[in-house]
Amino acid sequence: MLDSSFASFSDTSVDPPVRGFLARPKGPIENGLVLTHGAGGNSRGSLLVALANLFAADGFAALRCDLPFRQDRLYGPPRPGDATRDREGLKNAASALRKLARTRIFLGGQSYGGRQATMLCADQPGLADGLLLLSYPLHPPGKPDRLRTEHLPRLTTPALFVHGTRDPFGSIEEIKATLKLIPGKTSLLAVEGVGHDLGFKGKQKLDDLPARIRDEFQRFFG
């Protein structure tokens with residue numbers, strides 16, 4: 001049970017700053033989860049909100065945050081030079097949550113946000129205890145030869161992938177092949193019949209998906 005609804009969260013003592021929304025559970029906080037968005041979204045995405053509420057109800061401190069590129073521009077995708085700063089922002093968010101959670105920190109991200117989390121953890125393997133990757137953007141739609149996998153053979157952080165069977169950024173078969181590149185422990189939750197948005201587009205929602213993700217997360221990470 002939550003003490004209140006999400007509260008605005010800001011840490012401007014670091015650069016890039018951390019800005020978003022934090023939900024705290026009642027009682028001691030053992031675990032924390034950072035959730036970031038895709039290239040076209042922000043921290044208010046309906047799937048991120050649903051997941052954060054669910055995890056907070058299970059005792060997590062759940063922080064939905066806007067990556068630095070979204071703090072700078074309300075609309076539009078990240079620019080080619082934004083990725084390094086976005087990873088620094090994600091690192092700062094993990095550090096902010098580490099001050100609240102006593103045991104484990106997890107990084108979660110949808111599409112672009114998840115990819116940046118994997119790149120960050122490949123370079124800094126002790127930063128997080130696990131990754132929750134929603135619709136990992138394996139390659140641009142229609143361009144399966146442009147794989148975004150260069151860093152994955154260095155990823156030792158345990159990672160749970162959640163992927164739609166109709167995702168144009170990577171088929172289930174391609175994702176399964178990619179998992180073989182990763183030396184760390186991995187698991188895949190395939191979501192039947194949905195695309196890159198995992199069934200959360202506009203007012204349409206795959207209502208049971210957040211609970212399915214939470215249950216698989218608990219099974220995988222313990």
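Is there a residue in the range 131-140 that is among the polar types (S, T, N, Q) and under 12 Å from the mean Cα position of the chain (by Cα)?
The answer is yes; a qualifying residue exists.
Looking at Gly38, Gly32 in this structure, which one is in contact with a Ser or Thr (Cβ under 8 Å, 6 or more places away or on another chain), modelled with pLDDT of 95 or more, within 18 Å of Leu160 (Cβ to Cβ) and surrounded by 21 or more Cβ atoms within 10 Å (Cβ to Cβ)?
Gly38
Looking at the structure I just gave you, is Gly32 of a type outside the set (Asp, Glu), under 25 Å from Asp197 (Cα atoms), in contact with a Phe, Trp or Tyr (Cβ under 7 Å, 6 or more places away or on another chain) and in contact (Cβ under 8 Å) with a residue 12 or more places away in the chain?
Yes: the conditions hold for Gly32.
When the range 156-177 is examined, which residues are found to be in contact with a helix residue (DSSP H, G or I) (Cβ under 6 Å, 6 or more places away or on another chain), outside any strand (DSSP E or B) and surrounded by 20 or more Cβ atoms within 10 Å (Cβ to Cβ)?
Thr157
Give Gly126, Gly114 a once-over and let me know the one that is of a type in the set (Gly, Ala, Ser), modelled with pLDDT under 95 and not in a strand (DSSP E or B).
Going through Gly126, Gly114 in turn, just one is of a type in the set (Gly, Ala, Ser), modelled with pLDDT under 95 and not in a strand (DSSP E or B): Gly126.
What pairs can you find where one residue is in the range 183-210 and assigned to a loop (DSSP other than H, G, I, E, B), the other is modelled with pLDDT under 95 and among the aromatic types (Phe, Trp, Tyr), and their Cβ atoms are less than 8 Å apart, with a gap of 6+ or different chains?
These pairs meet every condition: Leu206/Phe200.
Looking only at the range 128-180, count every residue that is at positive phi and aliphatic (A, V, I, L, M) and tell me the total.
0
Out of everything in the range 110-132 that is closer than 13 Å to Leu33 by Cα and among the hydrophobic types (A, V, I, L, M, F, W, C), what residue ends up being surrounded by the fewest Cβ atoms within 10 Å (Cβ to Cβ)?
Leu127
Can you tell me which residues in the range 92-104 are assigned to a helix (DSSP H, G or I) and more than 15 Å from the chain's Cα centre (by Cα)?
Ser95, Ala96, Arg98
Which numbered condition trips up Phe106, out of (1) of a type outside the set (D, E, K, R); (2) over 23 Å from Gly40 (Cα atoms); (3) modelled with pLDDT of 95 or more; (4) surrounded by 15 or more Cβ atoms within 10 Å (Cβ to Cβ)?
Failed condition: (2).
Can you tell me which residues in the range 81-91 are crowded, with 20+ Cβ neighbours inside 10 Å and assigned to a helix (DSSP H, G or I)?
Passing the criteria: Asp86, Arg87, Gly89, Leu90, Lys91.
Hey, which of the strands (runs of 3 or more DSSP E) in the range 1-61, taking only ones fully inside, have at least 2 residues that are within 27 Å of Gly222 (Cα to Cα)?
18-23, 31-36
The values are calculated or read from the model by the stated rules, or taken from the named source; none is laboratory data. What you are looking at is a predicted structure, and each value in this text was computed from that prediction instead of being measured. Positions of Cβ are generated from backbone atoms using ideal geometry, with glycine treated the same way; all protein chains shown enter the neighbour counts.
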